[in-house]
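Heads up: the structure comes next, in structure tokens.
The values are calculated or read from the model by the stated rules, or taken from the named source; none is laboratory data. These numbers come from a predicted model, not from an experiment. Don't worry about glycine lacking a Cβ; one is built from the backbone with ideal geometry, like all the others, and counts go over all protein chains shown. For accessibility, only protein heavy atoms count, side chains too; no ligands or nucleic acids. Shrake-Rupley method; radii C 1.70, N 1.55, O 1.52, S 1.80 Å.
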Protein chains: 2
Amino acid sequence: MESRVGTLLFVGLGLIGGSLARALRGTGFALRMTAWNRSRASLQYALEAGLVDDAPADLAQAIAEAGMIVVGVPTLAVAGVFELIRAHARPGTVVTDVASVKGSVVAAAQDVFGAVPPWLVPGHPIAGAEKSGVEASRAELFVRHRVILTPLADTDPAALAIVRGMWELTGAEVVCMDVAGHDRVLAMTSHLPHLLAYALVDSLACQPASDDIFRFAAGGFRDFTRIASSDVVMWRDISLANRAAILLALDGFTDRLAAVRAAVEQGDAGTLEQVFARARAARGRYLQWLEQGANAGAPEREREE
Amino acid sequence: MESRVGTLLFVGLGLIGGSLARALRGTGFALRMTAWNRSRASLQYALEAGLVDDAPADLAQAIAEAGMIVVGVPTLAVAGVFELIRAHARPGTVVTDVASVKGSVVAAAQDVFGAVPPWLVPGHPIAGAEKSGVEASRAELFVRHRVILTPLADTDPAALAIVRGMWELTGAEVVCMDVAGHDRVLAMTSHLPHLLAYALVDSLACQPASDDIFRFAAGGFRDFTRIASSDVVMWRDISLANRAAILLALDGFTDRLAAVRAAVEQGDAGTLEQVFARARAARGRYLQWLEQGANAGAPEREREE
């Protein structure tokens with residue numbers, strides 16, 4: 001494959017950027033890959049592991065030399081990177097990002113550039129791992145996983161094609177959604193569950209004798225709270241950046257939980273059965289989607305009460 | 001090992017009873033194993049798979065012939081089985097159960113027998129699987145998993161020793177707790193998470209275009225909602241049987257969630273960071289407990305946002 005992008009620069013090289021660099025090695029997508037990161041230790045690792053060819057200390061200079069840029073910094077740091085891109089990027093440089101909230105990225109672009117530039121293609125790979133950081137990266141992270149792109153009316157079809165082509169090289173399934181739809185769905189299926197898991201573990205941790213509680217927690221608790229081990233700064237930023245959609249999802253959930261609480265208090269077996277059966281059936285349909293399509297990941301496995 | 005129990009009867013043969021029967025085959029713990037179940041299809045399977053030696057249709061007769069009984073029916077059906085045991089069991093028959101709530105089992109025993117009999121040892125194996133039913137049973141289900149026994153002041157030490165010995169033959173780690181402590185810990189670490197998972201999936205399933213929501217849900221959602229695939233009747237009964245402890249746990253969680261909601265609404269980054277970091281650290285300690293002791297199960301694996 002003939003490279004279409006020259007130098008591909010990763011601004012922020014964590015789990016996602018590192019895995020993307022690994023997946024693109026040897027594909028010929030970029031002539032050269034470079035990275036900048038706030039932590040130099042990550043860059044040292046990336047250079048030694050051969051993920052990137054260079055790790056310039058001067059971000060402005062690195063931006064000026066890039067033919068394409070993948071922005072992989074925490075959601076609320078994206079605007080600052082856009083400022084540097086506005087000041088230093090060459091005309092024609094294609095930019096995409098991997099932030100978990102797309103409305104805030106679009107708003108940052110509007111603030112910095114006056115309007116969302118045609119060469120900016122907002123994106124969000126639906127993949128992650130228990131551990132964060134470039135050290136946890138792996139080339140297969142995106143295989144059979146969805147990458148959502150949220151192009152706008154003025155997005156350059158050529159830029160979109162380049163970003164789509166990049167992700168397809170990783171084995172991902174690329175789908176397009178509108179910005180608000182992405183943020184609404186992710187609030188319900190990702191951001192809300194993270195807040196619930198964090199709130200649950202924190203409420204147990206603040207109990208007296210919490211060590212005893214965790215000591216007798218069953219293995220199902222491990223699955224349920226897995227996402228409470230996620231990166232703190234990333235999820236602080238997501239919570240702030242997708243506020244409106246998260247509050248809406250949270251209030252819908254709280255209403256349903258209040259109904260469940262009332263049923264428990266009143267000994268209302270019928271309502272409990274109804275809610276549990278409806279949820280069980282819905283999850284069955286969800287598993288069918290998973291089996292049929294992307295995000296299949298690991299198979300269902302044992303869980304404990 | 002010389003059998004100490006003669007005929008071991010399973011009243012209710014699902015995932016737990018079936019796995020226990022499999023684990024005890026060939027250990028010599030019982031001379032004979034029999035089972036009664038509401039669904040005869042499960043018994044047919046158990047007979048054909050060689051899990052039990054006989055599946056008598058007459059439960060009263062089966063109880064009269066048993067030297068030891070494992071009650072494995074849904075929590076709120078335990079009292080009915082106790083009635084039959086009171087009417088038909090021979091003196092000296094040791095009885096244990098596997099219900100997820102122990103206070104309601106003790107209350108049922110007090111109702112039926114006037115007091116908790118010395119030969120009744122309430123128990124709860126902390127193990128389960130995605131799929132329920134005897135067809136999903138396996139001999140290794142309890143290996144390195146905790147079994148909690150909640151003996152009372154009048155429990156016969158010989159009966160306790162027999163029940164403990166039975167579970168230890170399966171590879172489980174047996175621990176004793178008081179009834180209220182068991183129900184409080186399980187409410188927080190198992191019953192509450194189940195209600196949250198059911199409520200979340202149901203609240204999403206009742207959204208317009210819910211199929212699109214589930215279609216774009218990430219894999220982390222699968223782990224978080226795994227327990228929403230649990231058996232409906234079992235969890236209806238648990239919700240009703242452990243009402244007080246569940247309401248307490250639920251209200252503690254709801255308070256914490258309200259604080260998280262306020263922080264999101266007010267853009268209070270500091271509080272969000274604090275809650276997330278505290279939860280992340282607590283889960284890290286929990287994982288250490290898992291690694292050191294029982295319930296280790298499968299290793300941590302990939303999750304998706």
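Each other copy holds its own label point for A:A107; taking that point as 7 Å from Cα along Cα to Cβ, the gaps run 4.9 nm, nearest first. Sorted shortest first, the separations between the A:Q288 label point and its copies elsewhere in the assembly read 4.6 nm; each point sits 7 Å from Cα along the Cα-to-Cβ line.
Once Rh is set to the Kirkwood radius over Cα pairs, what Stokes-Einstein translational diffusion coefficient, in µm²/s, holds for region B:151-195 at a temperature of 25 °C and a viscosity of 0.890 mPa s? Could you put the intermediate results ahead of the total?
Numbers: Rh = 12.2 Å.
Taking Rh from Cα pairs, D becomes 201 µm²/s.
Taking Cα pairs under 8 Å and at least six residues apart, what relative contact order does region A:146-207 come out at, in percent?
Values: 33 pairs, mean separation 24.2, N = 62.
With pairs under 8 Å counted, the relative contact order is 39 percent.
Rank A:A228, A:A262, A:A62 by mean-square fluctuation in a GNM of chain A with C-alpha springs under 10 angstrom and give only the top-ranked residue. It is A:A262. Of all aspartates and glutamates in the structure, those lying under 12 Å Cα to Cα from B:K131, and not within fewer than 8 positions of it along the same chain, are A:E300, A:E302, A:E304, A:E305, B:D231.
Taking the chain by itself as reference, region B:120-138 contains these residues with an accessible-area loss of 20 Å² or more in the full protein complex (1.4 Å probe, heavy atoms): B:I126, B:A127, B:G128, B:A129, B:E130, B:R138.
Where chain A is carried onto chain B by rotation, the Cβ closest to that axis, with its residue and distance in Å, is A:D223, 2. In the context of the full set of protein chains, residues of region B:127-241 present 30 Å² of accessible surface per residue (probe radius 1.4 Å, heavy atoms only). Within the accessible surface of region A:1-120, defined with a 1.4 Å probe on protein heavy atoms only, the carbon and sulfur portion equals 51 percent.
From the label point of A:G26, set 7 Å along Cα to the beta carbon, how far off in nm is each other copy's matching point, shortest first? Reported distances to equivalent positions: 4.4 nm.
Over region B:92-251, calculate the relative contact order: mean separation of alpha carbon pairs under 8 Å at least 6 apart, over the residue count, as a percent. Let's see the in-between values first.
Values: 191 pairs, mean separation 38.5, N = 160.
Value for region B:92-251: 24 percent.
Over all pairs of different C-alpha atoms, region A:1-144 has a mean inverse distance whose reciprocal, the Kirkwood radius, equals 15.1 Å.
Relative contact order, percent, of chain A when contacts are C-alpha pairs under 8 Å separated by at least 6 residues? Numbers along the way, then the final one.
Working: 475 pairs, mean separation 51.1, N = 305.
Reported relative contact order: 17 percent.
Averaging Cα coordinates gives a centre for region A:1-75 and one for region B:162-211; these two points are 45 Å apart.
When the convex hull of its Cα atoms is viewed from all sides, the protein assembly as shown shows a mean projected area of 28.2 nm². Taken over region A:151-305, the percentage of Cα pairs per 10 Å bin, counting from 0 up to the bin with the maximum distance, is 8, 24, 38, 20, 7, 2, 0.
Using the Kyte-Doolittle scale, which helices in chain B average at least -1.0 and also have C-alpha atoms spread 30 Å or more along the helix axis, with helices defined as whole DSSP H runs?
Values: long enough: B:243-266 (34 Å, 0.62); B:269-292 (34 Å, -0.49).
Within chain B the helices that satisfy the rule are B:243-266, B:269-292.
Here is the interface size for A with B: some 10400 Å² of accessible area buried, both sides summed, with a 1.4 Å probe.
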